[in-house]
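Below is one structure; the comments refer to it alone.
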Amino acid sequence: MGCACRATSTGCGLTYHAGVAVDGANPSITHSTFDHIAGNDVEVAHGGLPTLHYDDFLAVPAGYDGVANDGWMSPSPKVDATTSWWGSASGPYDPAGNPNGQGTPVGAGVIYSPWEGGAPGPSSVPSAPTRVAASPTFGGLLVSWMPPSSDGGQPITSYIVTVYSGTSSAVARQVALAAPCTPAYGRLTCSGAVFRVGKGTYTVTVRAVNAAGAGPESSRSAPVTL
């Protein structure tokens, strides 16, 4: 394999002529083309969970896959390779899940639907973050969340955290935080602090931002009292 990605890698290049090995890491590889690879385009091992969106997985030699998740067994998490182009509008060839696919073969343990029906389209805003929670911290709130399931085809650059007074629509505080996400237990988790919040009861939402703009708000957190 030509490029070994670590957990902090993003992209690892734009056009590859040698495969990428993801060994126990969680990189984001987007808008990349894998062409004339001598083996698997992307080979994942030891519980790695890369995010593969808006990539082009082109022809591979017989017996190899566009994305191979080595050693995957249910119910382990699957690699997210949705919204990618597999060389055919019919999608990747998967004998179990897409036997009529005429595109590049894909291995087990890979989520590939929905796939691109042609060349990757324009980017959109991210989907909403999930699992938002808030707890008291010195001078404010400590907020945690899970990143969106879709980044809209562009890297997430920041998150907007909105603090509401109780369950009302009154905004008590709103801040933008740089994308503070780190791998944990095979997935990314995000957290940040919101200071200058007075005594009271609050709920919190989070929105993800990429080059196309801000996505929708998450569901509100459970109320927290300072």
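The values are calculated or read from the model by the stated rules, or taken from the named source; none is laboratory data. Everything quoted here is computed from the prediction, not taken from an experiment. All Cβ positions, even for glycine, are placed from backbone atoms using ideal geometry, and neighbour counts span all protein chains on display.
Quick notes on this one:
- Residues being touching a strand residue (DSSP E or B) at 6+ places or on another chain (Cβ under 7 Å) and modelled with pLDDT under 90 - total across segment 92-101: 1
- Search result, residues across segment 72-105 that are of a type in the set (G, A, S), out of contact with any Asp or Glu (no Cβ under 7 Å at 6 or more places or on another chain) and closer than 17 Å to V20 by Cα: A81
- Scanning segment 63-85 for residues that are of a type in the set (G, A, S) and surrounded by fewer than 22 Cβ atoms within 10 Å (Cβ to Cβ) turns up G63, G71, S74, S76.
- Verdict on S88 being surrounded by fewer than 18 Cβ atoms within 10 Å (Cβ to Cβ), within 29 Å of L188 (Cα to Cα) and at pLDDT below 90: no
- Test: T104 is on the phi > 0 side of the Ramachandran plot, modelled with pLDDT of 85 or more, in contact with a Pro (Cβ under 7 Å, 6 or more places away or on another chain) and outside the structural domain of Y159 (by TED's automatic domain parsing): no
- Selection count where residues are modelled with pLDDT under 50 and surrounded by 14 or more Cβ atoms within 10 Å (Cβ to Cβ), scope segment 12-44: 3
- Note on segment 117-207: enclosed strands (runs of 3 or more DSSP E) holding 3 or more residues that are modelled with pLDDT of 90 or more, closer than 15 Å to S221 by Cα and of a type in the set (V, I, T) are 158-165.
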